[in-house]
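J.: My questions will all concern the structure given below.
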Amino acid sequence: MTDKPKYEFSHEVDLAKVSKDGRDYRLEADASACKRIAERLRVPSVEALSGQIHIAATRKAIFTRGSVQGRLTRECVVSLEEMPETVDDSFAVEFVRRTDDAPVEEDSAENWHEPEAHRGTVFDIGELLVQQFSLALDPFPRKPGAVSLAQTYGEEKLSSPFSILQGKIDKTEEKQ
């Protein structure tokens, strides 16, 4: 017996009940799920997370598309101050269905464009929504007008690498 992974925001879909035409879902994380998601993403807080997902399945593949919306508090990479961020993004992700005995190739530079493999008859669209939410986040959140700690406490930068020589060179030779 294997332990199921415990996701912060889980909504499992039985793939046997999903046709090739697909099915639509609307998900919204409650306050406790938002708190767990914030811990996972290492952000001060997630105030809201919701999304719409359309999932379709065949014997060989799972097709998902949808949108994700959210509000969270981030830390500015420049000043380390907390700041709000909103997410409103769409996605489309394809998965290849595998049986338990089929080998799954490890991620590599050669197969980065290949669909991700999925095993089993249950698909967690809540986990997919959290993954897409994290991918939509600004990788370098910067608060408008933020002054960096280096600018505040660092040494004053010289305008030119040669400005330190200014006034040090004797100008005794004049052009004739």
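Bear in mind these aren't lab numbers, they're just calculated from the coordinates by the rules spelled out. None of these values were measured; they are calculated from a predicted model. Here the Cβ positions follow ideal geometry from the backbone for every residue, glycine too, while neighbour counts run over all protein chains shown.
J.: What does the charge count near residue 55 come to, summing +1 for each Lys or Arg and -1 for each Asp or Glu among other residues with Cβ under 13 Å from its Cβ?
T.: On the way: positive: 17, 20, 23, 26, 65, 97; negative: 12, 14, 21, 24, 94, 124, 127.
Surrounding charge for residue 55 is -1.
J.: For segment 4-79, how many pairs of lysine residues have a Cα-Cα distance under 22 Å, where the two are 8 or more positions apart or belong to different chains? If you can, show how the numbers build up before the last one.
T.: Values: 4/17; 4/35; 6/35; 17/60; 20/60.
Taking the Cα cut-off of 22 Å, the pair count is 5.
J.: Using 0.36 nm times the number of residues separating residue 59 and residue 89, minus their current alpha carbon distance, what extension gain do you get?
T.: Numbers: separation 30, 0.36 × 30 = 10.80 nm, distance 2.86 nm.
Extending this stretch completely gives an extra 7.9 nm.
J.: Name the shape class, rounded, prolate or oblate, that the alpha-carbon gyration tensor gives for segment 12-146, where a ≥ b ≥ c are the square roots of its eigenvalues, rounded holds for a/c under 1.5, and otherwise prolate holds if a/b is larger than b/c and oblate otherwise. Write down the numbers at each step before the final one.
T.: Working: a/c = 2.53, a/b = 1.76, b/c = 1.43.
It is prolate, given that a/c is not under 1.5 and a/b is the larger ratio.
J.: Which trypsin sites (Lys or Arg not before Pro) does segment 1-103 hold that lie in a coil by DSSP with at most 12 other beta carbons within 10 Å?
T.: Numbers: sites: 6, 17, 20, 23, 26, 35, 36, 40, 42, 59, 60, 65, 71, 74, 97, 98; in loops: 6, 20, 42, 59, 60.
For trypsin sites (Lys or Arg not before Pro) across segment 1-103 that sit outside H, G, I, E and B with at most 12 neighbouring Cβ atoms in 10 Å, the list reads 6, 20, 42, 59, 60.
J.: I need the calculated FRET efficiency for the pair residue 116 and residue 41, taking r as the beta carbon distance and R₀ as 22 Å, to the nearest 0.05.
T.: Details: r = 20 Å, r/R0 = 0.91.
E(calc), rounded to 0.05, equals 0.65.
J.: Taking R0 as 22 Å, what FRET efficiency do you get between residue 138 and residue 26 from their Cβ-Cβ distance, rounded to the nearest 0.05? Don't skip to the end; give the middle numbers.
T.: Values: r = 25 Å, r/R0 = 1.14.
Approximately 0.30, to the nearest 0.05.
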